[in-house]
1. For region 134-172, how many residues are outside any strand (DSSP E or B) and crowded, with 19+ Cβ neighbours inside 10 Å?
2. Pick out the one residue from Ile331, Ile257 that is more than 30 Å from Tyr162 (Cβ to Cβ), open to solvent by less than 60 Å² (accessible area, probe 1.4 Å) and at pLDDT 90 or above.
3. For residues that are β-branched (Val, Ile, Thr) and outside any helix (DSSP H, G or I), tally how many sit in region 177-196.
4. Let me confirm something: among Ala212, Ala234, which residue is outside any loop (DSSP other than H, G, I, E, B) and touching a residue at least 60 places away in the same chain (Cβ under 8 Å)?
5. What's the number of the only condition in (1) under 19 Å from Lys345 (Cα atoms); (2) exposed (fewer than 13 other Cβ atoms within 10 Å of the Cβ) that Asn246 fails to meet?
6. Among the residues of region 35-57, which ones are part of a loop (DSSP other than H, G, I, E, B), open to solvent by less than 60 Å² (accessible area, probe 1.4 Å), at pLDDT below 85 and at negative phi?
7. Quickly run through region 292-317 and pick out the residues that are open to solvent by 30 Å² or more (accessible area, probe 1.4 Å), charged (D, E, K, R) and at pLDDT below 90.
Amino acid sequence: MELTLDIFKNDAFSVINLQRVAGATPYIPQALGAMQLFTPKPIDTEEVLLYEEDGGFALIPTTERGGPDIQQIRRQGRLRALSTLRLSKKDTVRAGELTGVASMALPESIRLRNARQLTTDRTSQLKTDMEATKELHRLGALRGKLYDADGTTLLYDYFAAYGIADPAVVNFDFDTIAAGSLGVYISQNVRDPIIDVLKASGRLTPQTTVGALVGSNFWYGLIQHPDVVKRWEAQEQARYIALTINPLLQPPRYSEITIGNVRFMHYEGSTGGEIEVEDDEAIFFPIGAKDVFSVYWAPGETLLDANEKGRPEYLYVQPDPRDQMPSFIDIVLRAYPLYACTFPKALLAGAVV
């Protein structure tokens, strides 16, 4: 006898079709996801092998025609192995929830449509939770220290992994930084050190800029500084005019302003406080530099995913294994990422004092 839950055995709920559902389910990337800082790098193993080589270049002196060639000197490299992480969450559809949705009294086409919509709705919430978790990992990579969802379990310390000390904190006392000197202070203490270390390593590109995620106290201290007040007011007025002309215009989900060639962004994070920049904190990082941030996607852990390179997410439907009395369907969303900072020397920390 066919059961209500049997609708999930339809080919529409095959692995391939479910991956299409996952890809079509809408979600809004959080701030760092929208910036696309991390270069995607699918891999076919659980481990990430990172070969760090001293970058830069060596100028070639002129030589006489017919003379000996200048011998290339290989730079010393270091090999590091890091493990990808497993993120997995499921939602369960109970048989009672399908009453009236996938009732046997309905035509199969309607039952199938309703079941797919239910799957899409449940998947949407799972993807929202997954995206929030990825944002937490991105933020950790920018800090150089990646913490788990509990906020206390340290998963990776990229400074320790690369054998370097945590960067010194750049202090900002906006009350004592004189008018007319804020941009110079920021350039000398933040922008120039990051650009110099990128240049020395060969990671600097013509598109490279420096960004900063800052907390609320830092942000309001910044925009109230005499060097910033008028510029911020003019920027806000221009934004208001733009929205008046085009109400459908989508402004960024954070406020931002560029001072001293550093792009400051007020990062408000999640409402619950799990994903946030501390009120007095500033996180400085390069944007558009080469080989600084990457996200590695490991393959899934089922036989269906073996011998393939990883994908950003995997979606499965797992029926109740009991043949005689099945009562639920599990919808499972998994990812196996590693959001990595592969050049933590380019990170700086700041604080308002």
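1. 12
2. After applying the criteria, what remains is Ile257.
3. Taking region 177-196 as the starting set, the residues that turn out to be β-branched (Val, Ile, Thr) are 177, 184, 186, 190, 194-195.
Then drop every residue that is not outside any helix (DSSP H, G or I), which leaves 177.
The total comes to 1.
4. Ala212
5. (1)
6. Result: Gly55, single match.
7. Glu301, Glu308
Conditions (1) out of contact with any strand residue (DSSP E or B) (no Cβ under 7 Å at 6 or more places or on another chain); (2) in a helix (DSSP H, G or I); (3) at pLDDT 90 or above; (4) open to solvent by less than 30 Å² (accessible area, probe 1.4 Å), marked per residue:
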| residue | (1), (2), (3), (4) |
| --- | --- |
| Gly221 | no, yes, yes, yes |
| His225 | yes, no, yes, yes |
| Lys230 | yes, yes, yes, no |
| Ile241 | yes, yes, no, no |
| Gln250 | yes, no, no, no |
| Met265 | no, no, yes, yes |
| Glu274 | yes, no, no, no |
| Phe284 | no, no, yes, yes |
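The values are calculated or read from the model by the stated rules, or taken from the named source; none is laboratory data. What you see is a predicted model; the values in this text were computed from it and never measured. Heads up, the Cβs are rebuilt from the backbone with ideal geometry, glycines too, and the neighbour counts pull from every protein chain shown. Accessible surface areas use protein heavy atoms only, side chains included; no ligands, DNA or RNA. Shrake-Rupley method; radii C 1.70, N 1.55, O 1.52, S 1.80 Å.
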